[in-house]
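Please read the structure below before turning to the comments.
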Amino acid sequence: MTPPTDDLTLDELCQDATRLLQKHGLLDAQTDGRVSDAPDARTVRYYTTMGLVDRPRIVDREARYGWRQVLQVLTIKALQHQGRPLLQIQKLLYGRSEAELESVLRGVTERPQQRRPAVKTVTVREVVLEPGLRLLVEDGFAASDADSLVARFRAAVAALSASNGGSPS
Amino acid sequence: MKPAESVVMVDRPGHFRGVGRVECVRGEEKVMLPLAAVGMKARVSDRVARVTVTQTFQNPFTDALEAVYIFPLSGGSAVSDFEMRVGKRVIKGAVKERQEARATYAKATQEGKRAALMEQERDDVFTVSCGNIPPGETVTVVIETAERLPFFDDGMTELRLPVVVAPRYIAGTPVDGEPTGDGVESDTDTVPDASRITPPRLVEGFDPKVSLHIEVELLTAGEELRDVACTQHAVRTSLGMEKVAIRLSSEQEPLDRDFVLRWRIASASLRTTCLGWKDDKGRRFAMLSVVPPKRDGFLGLARDVVFVLDHSGSMEGIKMASAARSCSMLLQTLGPRDRFAIAAFDDSTSWMDRQFTWADDAGLARGDAFLRTVSADGGTELAPALGEALDAVLKRRETSGRSPVVVILTDGEVGDESGILRILQKKLGDARAFTVGIDTAVNSGFLKRLAALGGGTSSFVTPGGDLEDALRSVGREIGQPLVTDLSIAGNGLDAASLAPSRIPDLFAGRASAAHFLPTSATTVRVSGRFSDGRAFDQTVPIHEIDQPALASLWARARVADLEDQFRLHPELQADLKTQIVRIACEHTLLTRFTAFVAVDHAEIVNAAGSSRHVVQPVEMPAKWEMDKGMRVFCSAAPVQDAECASITTEPLQFEACCEEAPAPSPKNRKSASPKKPASRSGLVGASLSFRDSGRNQEAPTLSDKHRDDFTHALEAFAKALAAARTESRAGRIPQTDVLEEARVALVQTLAASPLAPDVPLLQRFLRQSALELVAACRTDGATAAGLHEMFEHHARLFESALKEADAAVAGQRGRRWWAFWEKTV
């Protein structure tokens, strides 16, 4: 008996896709704020405006999705899990047949190690000391003792002028 | 609800469908989109622009492609020619009644021929479908249009060439049934063709590699041109003896904003003129441009002005700022005798006050303060807002000596134009409506029509651009026109041919125009009434020029008049439709009721009937800041370009089986092979989904022979499919030669049968599912278990297809025929 997958509501589509993604290890806890999280209704509608998920059928004035759309969501999410931005995903998937989508999906699941390391976000502030000389201060920086800082700064400037032949006093 | 495991075969190694493969390759990046290039060449003379638009479609895939492109042309322009170019061959398009053109196109694509169809969805939104482009080939369509340019008494004139259809707000609730088009929105009760005017969007940063070439030639005829300025693009200008040529500096410009060119003609030549042209049958067409007399001092009535300000989500960012500032500037043009009200709308309408405010210093200050609080969000429910505004001006108590005015400031990006126009037509009363369009890619067709019906004028503003300059004339115009009740008369002149049937009233600074048939007249007398009651009277000679566009411009203006009546009078619609189709066929004119179709009968390029259907995704208009919340999905983790993926669709792995394929024409062997990747099933081509359109006329009748042929071919196919399914159930890999033969036979029977449009599910099954099944069986490494699963899944699809086929043979059609385009006039 084949499951009746041609009659999903938007929520059911999201649930099915989420469950399948979990099953294949394509969803994980988000530590770095990236976007390979579970698909939700808003996301699916957004994918629709980009032609990546087919517009639903309308039955009794309600949107109904089918297996093709499940496949589309899975493929998008699987590629996002690999760290690909939506820009690339649209390039890769736009206008594709189901067989081709499956082929992409297979490629992802067969090579799960390809996942790129997460990108760590570092926030810095910039202080212009004089034109051409900037100081980058990482968030959470706490100054150590001032004298040793000044000493280190002098050493750095000395090293700079030695290498440039310039002489900032 | 049961899960969807069975369709996802990711965890079963050895289970290959084998139809097409997408591989991620590093390095070179190929864009897999149908549209390769867009060209626009405009020649302007005598205030008429003739524009040749070329669109080149490519097929980067390995199966036959149907490309669909939803695109804009300048609102109100007359599309008078369409052709398809294949290599050096030119196939002329013909104008047919729209239903018939769609049927012709569907039949040609069914038969495996190249074909192109051009339809009109709105005054400025069009769809080109280009079917059966063989792999690796290109097809170019060439569209000829003409438009009359607006101009002002200081000699300023403007050419606007739109290049992208902006996202439209779609009101209403989704409706059941086959969608009418290929866009991303569902059809609704309010916008029954929403799916035809909402192309998919490119993700920000996706370069679709569409080269854009725009060239404008201004023929000067000895006049001096000044202040040539292109407000949204960098251009190169070259000055010749007789002409000025302007072209885009770069062909890499994104297609995300209108091309807007303004220039000024030395004002000595600005007077009322009438130009004439005679066609080879001796019919004459004339275009009259009436220039208003110079006005001294202020003599208008006091005004009651309602500003209707769009603050929906699409206005977010600099557009909203420009709209609020434009409104504020128009407020400042009011005098202390005038009164105003402001209605800001998104999903609902909010009023500054529920009453009119005197436009004295205190009132203006309050208006400014209100405008500063307006921010953009929500839908674009213009229809109720306009209704409220018109009610407000009509329900004023003290009306004597005050002229009622509604000024609408919006990007006009809505889908229910027809309903809004109807509200205006019904409720306008003695009010006048003016429109100020604010966008980089404005819905100009709609805003022009709205203002024309409202007896006012339309102006367009570039967000962030020089508002003072663009609104300079609007402030003067709002309110009473200088001259009203314009009419024409003359010896041997057909006054009833005047189009628009009422010449637009003359506002200070702006010329009005109309078209008519002069028959044998050499002069035309224009008369009207100044606002103080004096008579306006001018006699103008008809100056003969060589401008064939005058014929199609007359026809277009005439059709616009008929469309306005069509919208208002349901009881006259049948007659009006006949008139429109007759004019359109006489003048080879594209309208809502007619379409251009071109069929290449020279060769059959897709005998096996595989089809991939791709809609060209388009840019978000420049300076749109919609859906910021969604942006997070566009800007995911940074990925180095070197690792960017590109796609190659590889040929199938079983080339050895080629012999069993039905023999395609040798020249197009590749494209005709049935063993190509199957196509998208969800967006099945227009060629296959014409179920809604039915056949109201001129369609071939269904004979007993058709019925028998179809039934036999279908039975043979069903039998072959059942046999293969049994094999797979028994754990064997099915032989598919018989199945493939039966499939091809059925496809060909259908192509010759009037039943073809009535069985979209079967068509889809034959052209996609069945192809996939056959290919999967022939793939190395296919497992019986995997195939069995596929057969079971597809068997369900086939059952629905069979039911549909039974109904079609029995003559019961799933849905009554209706022409969605009649709802959107």
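The values are calculated or read from the model by the stated rules, or taken from the named source; none is laboratory data. Here the structure is a predicted model, which is why all the values come from computation and not from measurement. Here Cβ is always computed from backbone atoms with ideal geometry, including for glycine, and neighbour counts include all displayed protein chains. Side chains are part of the model used for accessible areas, which takes the heavy atoms of the whole protein and leaves out ligands, DNA and RNA. Shrake-Rupley method; radii C 1.70, N 1.55, O 1.52, S 1.80 Å.
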Tell me which residues, restricted to the range B:503-544, are touching a Ser or Thr at 6+ places or on another chain (Cβ under 8 Å) and closer than 18 Å to B:D280 by Cβ.
B:L517
Given (1) more than 22 Å from the chain's Cα centre (by Cα); (2) under 17 Å from A:E12 (Cα atoms), index of the condition A:L74 fails:
(1)
Can you tell me which residue among B:V79, B:V86, B:V51 is over 24 Å from B:I545 (Cα atoms) and more than 14 Å from chain A (Cβ to nearest Cβ)?
B:V86
Among the residues of the range A:42-73, how many are facing chain B (nearest Cβ under 7 Å), open to solvent by less than 10 Å² (accessible area, probe 1.4 Å) and among the hydrophobic types (A, V, I, L, M, F, W, C)?
3
Could you check the range B:354-374 and list, in sequence order, the residues that are part of a loop (DSSP other than H, G, I, E, B), surrounded by 14 or more Cβ atoms within 10 Å (Cβ to Cβ) and within 39 Å of the chain's Cα centre (by Cα)?
B:F356, B:V374
Out of the residues in the range B:599-621 that are of a type outside the set (G, A, S) and more than 21 Å from A:L52 (Cα to Cα), which is most open to solvent (accessible area, probe 1.4 Å)?
B:H601
Scan the range B:109-121 residue by residue and report those that are part of a loop (DSSP other than H, G, I, E, B) and either touching a Leu at 6+ places or on another chain (Cβ under 9 Å) or crowded, with 24+ Cβ neighbours inside 10 Å (or both).
B:G112
I'd like the full set of residues that are outside any helix (DSSP H, G or I) and within 12 Å of B:L386 (Cβ to Cβ), limited to the range B:421-446.
B:L428, B:A431, B:A433, B:T435
Please work out if B:A584 is of a type in the set (G, A, S), surrounded by fewer than 20 Cβ atoms within 10 Å (Cβ to Cβ) and in contact with a strand residue (DSSP E or B) (Cβ under 9 Å, 6 or more places away or on another chain).
no
Would you call B:S418 assigned to a helix (DSSP H, G or I) and touching a Lys or Arg at 6+ places or on another chain (Cβ under 9 Å)?
yes
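Quick grid of which residues meet (1) free of Cβ contacts under 8 Å to residues at least 60 places away in the same chain; (2) out of contact with any Gly (no Cβ under 7 Å at 6 or more places or on another chain):
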{"position": "B:L371", "(1), (2)": "no, yes"}
{"position": "B:V374", "(1), (2)": "no, yes"}
{"position": "B:V405", "(1), (2)": "no, no"}
{"position": "B:L421", "(1), (2)": "no, yes"}
{"position": "B:F434", "(1), (2)": "yes, no"}
From the list B:E417, B:E388, which residue is modelled with pLDDT of 90 or more and buried (at least 20 other Cβ atoms within 10 Å of the Cβ)?
B:E417
Find the residue count for the range B:163-193, including only residues that are without any contact (Cβ under 8 Å) to a residue 40 or more places away in the chain and in a loop (DSSP other than H, G, I, E, B).
6
On the basis of being within 24 Å of B:M620 (Cβ to Cβ) and open to solvent by 10 Å² or more (accessible area, probe 1.4 Å), does B:G412 make the cut?
no
From the list B:I423, B:I503, exactly one residue is open to solvent by 20 Å² or more (accessible area, probe 1.4 Å), modelled with pLDDT of 90 or more and of a type in the set (V, I, T). Which is it?
B:I423
For the range B:592-645, how many residues meet the condition of being modelled with pLDDT of 90 or more, touching an Asp or Glu at 6+ places or on another chain (Cβ under 7 Å) and of a type in the set (S, T, N, Q)?
1
Count of residues meeting criterion [within 15 Å of B:G412 (Cα to Cα) and free of Cβ contacts under 8 Å to residues at least 60 places away in the same chain] in the range B:458-496
2
So which of B:A521, B:A470 is modelled with pLDDT under 95, surrounded by 20 or more Cβ atoms within 10 Å (Cβ to Cβ) and under 19 Å from B:G75 (Cβ atoms)?
B:A470
Could you say which residue among A:G83, A:G33 is at pLDDT below 90, assigned to a loop (DSSP other than H, G, I, E, B), over 30 Å from B:T198 (Cβ atoms) and within 8 Å of chain B (Cβ to nearest Cβ)?
A:G83
Hey, does the range B:756-779 have a residue that's open to solvent by 50 Å² or more (accessible area, probe 1.4 Å), in a helix (DSSP H, G or I) and either in contact with a helix residue (DSSP H, G or I) (Cβ under 6 Å, 6 or more places away or on another chain) or more than 29 Å from A:D7 (Cα to Cα) (or both)?
yes
Within the range B:233-325, which strands (runs of 3 or more DSSP E) (wholly inside it) include 3 or more residues that are farther than 30 Å from B:L409 by Cβ?
B:235-239, B:243-248, B:273-278, B:284-290
Looking only at the range B:182-213, count every residue that is in contact with a Leu (Cβ under 6 Å, 6 or more places away or on another chain) and over 17 Å from B:P34 (Cα atoms) and tell me the total.
1
Being free of Cβ contacts under 8 Å to residues at least 60 places away in the same chain, part of a helix (DSSP H, G or I) and among the small types (G, A, S), is that true of even one residue in the range B:331-338?
no
